[in-house]
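Read through the structure below, which is laid out as structure tokens, and then see the notes.
Please treat every number below as a calculation from the coordinates, not as lab data. Not measured: the values here are computed from a predicted model. Because the Cβ atoms are built from the backbone with ideal geometry, glycine has one as well, and the counts that use them run over all protein chains shown.
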Amino acid sequence: MSNHAVFILSAYLACLVILGGLTIASLSARNKARRALAERGLERPREQRAKASR
Amino acid sequence: MADLHFLANPARFRRFSQRVMPSLSFATGLALLVGLYFALVQSPPDYQQGETVRIMFVHVPSAWLSMAGYALLAVLGASLLVWRHPLAALVARAAAPVGACFALVCLITGSLWGRPMWGTYWVWDARLTSMLLLFFLYLGHIALSRAYDDPDRGDRAAAILALIGAINLPIIKFSVDWWNTLHQPASVMKLGGPSIHPAILTPLLWMAGSFLLLFILLVLVRTETEIDRRRLEIADQSA
């Protein structure tokens, strides 16, 4: 990739770190929130819980 | 429009999101693989930029999505302030960090392209400066929405910032036409169609498509998280 390879690879690496990091952070935050809901017995939406309790 | 109103209910939105998530994740992964193959392997070097044109395949889609993301924040802000749309604040909270990350990718990759092509990482030219301002507007939105103990007040303040900041979007788009800038003028989204060779345009559009899918996927995941967090807050308050 010529003598500009360092700039090209750095750009793709920066992209991977920022977007990959955001993806990992988003998924772990969602799992954490789901676990917290499950601990309180709120893991299902309200309508389903209401149906199940009838 | 009826579908959008249907999704206004957070519980319904959550069910919709969970239904589309597996196929959307698969499509995003596949599109990224194809896009990267075109961008790094298949595409030829540009006759002027040489191999550094490959940076454009991540830089340009990031710029488009960061602007589209802010336009989305402005629409959500209007929905929240005018119609008090129940989901608008949650989606805005979810979308702001995603848009900020795309703006950051755009700034960093642009800077890495600028060094070999312009001989400098940064110039205070109108396009670059207005893009940097967009990144700061995103940071302001994120900070404002979390600055109050009452989340509703934070969401309203952030919505006002989103609406005011939307003035920056046409400035970014037309800065290269209004001022004499180092940044090149539009070559894809312009009257008369793109002026780029198909060999370069194909990977650019593939990467743009895959980044768009990634943007949607991330916003869905984060919106689900925001809905769950709001449910936890309500549960904690009523306990």
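Key figures
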| item | result |
| --- | --- |
| Low-density loop positions, chymotrypsin sites (Phe, Trp or Tyr not before Pro), region B:19-74 - DSSP coil, at most 15 other Cβ in 10 Å | B:TYR47 |
| Additional length obtainable on full extension of the chain from B:GLN49 to B:VAL188, 0.36 nm per residue less Cα span | 48.4 nm |
| Within chain B, longest stretch clear of exposed trypsin sites (Lys or Arg not before Pro) (DSSP loop, no more than 15 other Cβ within 10 Å) | B:1-83 |
